[in-house]
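What follows is a set of notes on a single structure, which appears directly below.
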Amino acid sequence: MIYDVIYEHLKNIRQTKVGTIQSAATIIDPKHTVSQTIDKIIKNDSYDAFSKHGKTVYGTNVRELLSARAITNMKVEPFLHPIPSVSPNDDLEKVAKIINHHRTRSIPIVEKDEILGVVKAENVLKVLSNLDNKWIKASLIFTPTPITIDHNTLLSSARKIMISKRIDHLPVTDNGQLKQVLTSYHVLQTLIPEERLGKKTMAEKRITRFGSKVKNIGTNKISQCKPNDNISTVIKSMLENNTSFSLVMLWDNIQGIITYRDILDLFETKVENDIPIYIIGMPDGERDADMIGSKFKKTLQRLNKTSPEIQEARISIKRQRIWGTKKLYQITALIITPHKTLSFKEEEWDLSKSIENINQKILKSLSKKDRKRSKTSIRKILR
């Protein structure tokens, strides 16, 4: 049971205090324009930006700002949303949970109502790199078949893909061959009028408008790995190339992608049960959050009576988007047996309903499997 071993392997790392790996935060004013906010993000070479009002911390990030229009006049306030913070004495397990659920890359560290800094996903990877992780393979954590685009794709189309799919990386190909990777950071820079970009940015890459083709926009500093490479190798490559991704390649073909969040998925929350349950991205402080583990636990206990072959179960909870006060959740459940891994997915605006739906899918699927196996056995007996 590989995830049980990984959970114990990362025990000390999960308990690392966030104050020991603190970085500077990008602080913005809600009254600033989107253009001013983008300027500050680029100047600080950051992905997330934060603002504090009362006791609540608000945040936005590069991907969320891609949908902005008329950036020189539009205020950034509509793009800000509440985000949980941590204290210097909180541990990395809590950080990983928030990053994965809110699909961001850094979490604000708050003490005495002041944002002291942030803990970045990149900082967590640096701590993780101190462990011997050579037995954990890339094939265990990568996201398969990532979306790719041709180098003749319009920049506007690439932007729409990133916004609708909520992704930050698009490998760019020419006649099927990988050329570069377009990131949300590159697309964000195209929002700024050309004359306002710093000299360093202009020297590194000429920015074109959305009506132009992607062509050579993106980064050639690409971290690559093979499915059988270990994550120590993957993390080292990502840190050395200063990239937030690693492409999983086989025979010059893109098999998958590994991002910060894929690696932080290893920092699961374990629910005590006869069958080990690991929850990724448990949403602290949100309505119905406490019932997630208990409902899933009851489902597995029920299944264990008829399907004792289940070894482990994993749930990934990600907040897809916010519409007013409503939140869209994506929940993915993996049921691991000796023979194969069963996957179930559900998207719902109601977290409780989403959990209920996915539990019903699991029960229905495994019940069918048990009935089929039972009928087969009867036929064999009659022979």
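The values are calculated or read from the model by the stated rules, or taken from the named source; none is laboratory data. Quick caveat: nothing in here was measured; it's all calculated off a predicted structure. Cβ placement follows ideal geometry from the backbone for every residue including glycine, while neighbour counts extend to all protein chains displayed.
So here's what we get for this one:
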read-out	value
Residue, farthest from Lys160 (Cα to Cα), within region 72-89, restricted to residues that are more than 17 Å from the chain's Cα centre (by Cα) and buried (at least 19 other Cβ atoms within 10 Å of the Cβ)	Val86
Residue within region 41-58 that is outside the structural domain of Met238 (by TED's automatic domain parsing), free of Cβ contacts under 8 Å to residues at least 60 places away in the same chain and in contact with a His (Cβ under 7 Å, 6 or more places away or on another chain) present	yes
Where Asp229 falls short, out of the listed (1) modelled with pLDDT of 70 or more; (2) of a type in the set (Asp, Glu); (3) in the same structural domain as Glu356 (by TED's automatic domain parsing)	(3)
Subset of region 39-90 that is of a type in the set (Lys, Arg) and closer than 30 Å to Arg14 by Cβ - its residue that is modelled with the lowest pLDDT	Lys55
For Ser352: the one exception among (1) touching a strand residue (DSSP E or B) at 6+ places or on another chain (Cβ under 9 Å); (2) surrounded by fewer than 18 Cβ atoms within 10 Å (Cβ to Cβ); (3) modelled with pLDDT of 70 or more; (4) under 25 Å from Arg166 (Cβ atoms)	(1)
